[in-house]
Every structure is written in structure tokens, then in C-alpha cells.
Amino acid sequence: MRVCSAFNRLLALPGASVIDVAFASVGVIVTVRLRRRRRVCGACGQTGDHLQIHDRRVKRWRHLDLGAARCHIECELRLLRCPDCGVHAEAVPWARPGAHHTRDFEDLVAWLPSRWPRTRSAVC
Ligand SMILES: [Zn+2]
């Protein structure tokens, strides 16, 4: 099994295909590409070819750790010119618009405090 296939299965990012994996000083950088070609505005969710491609840029999100290594997801996104919102990066299924962390990371951070004891007496 190739390393990209292994990371595809391991991360199971919705709508993404792993195209490269690199081990850097900041952790593991997993480069993905969007599987869909349809243009989706990252601000309002409009779809269609009327969203003109303004530019492209590489964006990085912090993902759940892989053992002792931090994991970052990196993807080249199209900057779309939306008639209602202006220029925004296209939407991705694994992160909320404008977020620097993936949905999985944010969900874990939101869930963890609910598992912590609420009183000092509950701490052993
Ligand atoms: Zn829009």
C-alpha cells in the first residue's frame, strides 16, 4: 500500500484525496486536493460557473495529531469571485469557512471539556 493510500484511509477526509505526505519540523504535512470540480463560494455556498476564478492559494489547517506528531492538512484552493460576497476561498468539506483547524479538530476540542470533572471533589 502506498503512503498516499494509507493516509487516505487513515484520515478519511470527506471530499479530499491525499496527493503527498511530508514529514517536516512542524509535524506531518498531508497535501490533499479537492475531488469535486464544482465551484462553491466559501462565504455563502453558491455554486456554479458564474463564480469566476480570481486566483489560487495554498491553505493549511491543523488536524488531529498522529501519535506524537502534529498533523497539518494542506490544499491549493481557488479564490472565487462571488457576485454577492466578493472574493473568497472556495469551501472545503473538512473545515468551516475561514477556520484554521479541521472540523474533526474543532469537534474534539469542543467535546473534551464536557468529559472533564466539574467540581474539585470529583478529581481523584
Ligand atoms: Zn458568495
Condition first: out of contact with any Cys (no Cβ under 8 Å at 6 or more places or on another chain), within 16 Å of the ligand (Cβ to nearest atom), open to solvent by 50 Å² or more (accessible area, probe 1.4 Å) and not in a strand (DSSP E or B). Can you find one or more residues in the stretch 72-95 that meet it?
yes
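Here are some residues: Phe7, Phe23. Which one is of a type in the set (A, V, I, L, M, F, W, C), open to solvent by 40 Å² or more (accessible area, probe 1.4 Å) and away from the ligand (no atom under 16 Å from the Cβ)?
Details: Phe7 fails: open to solvent by 40 Å² or more (accessible area, probe 1.4 Å).
Of Phe7, Phe23, the one residue that is of a type in the set (A, V, I, L, M, F, W, C), open to solvent by 40 Å² or more (accessible area, probe 1.4 Å) and away from the ligand (no atom under 16 Å from the Cβ) is Phe23.
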Selection from the stretch 35-71 of residues that are assigned to a loop (DSSP other than H, G, I, E, B), out of contact with any Ser or Thr (no Cβ under 7 Å at 6 or more places or on another chain) and within 16 Å of the ligand (Cβ to nearest atom)
Gly42, Ala43, Cys44, Gly45, Gln46, Gly48, Asp49, His50, Leu51
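Looking only at the stretch 98-117, decide whether some residue is touching a His at 6+ places or on another chain (Cβ under 8 Å) and within 16 Å of the ligand (Cβ to nearest atom).
Of all residues in the stretch 98-117, those touching a His at 6+ places or on another chain (Cβ under 8 Å) come to 101-102, 104-105, 109.
From what is left, the residues that are within 16 Å of the ligand (Cβ to nearest atom) are none.
So far as the stretch 98-117 goes, no, none of its residues is touching a His at 6+ places or on another chain (Cβ under 8 Å) and within 16 Å of the ligand (Cβ to nearest atom).
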Return yes or no: is Pro14 within 11 Å of the chain's Cα centre (by Cα) and open to solvent by 50 Å² or more (accessible area, probe 1.4 Å)?
yes
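The values are calculated or read from the model by the stated rules, or taken from the named source; none is laboratory data. The shown structure was predicted, so the numbers you read here are calculated from the model rather than taken from an experiment. Here Cβ is always computed from backbone atoms with ideal geometry, including for glycine, and neighbour counts include all displayed protein chains. SASA here: full protein model, heavy atoms, side chains in, ligands and nucleic acids out. Shrake-Rupley method; radii C 1.70, N 1.55, O 1.52, S 1.80 Å.
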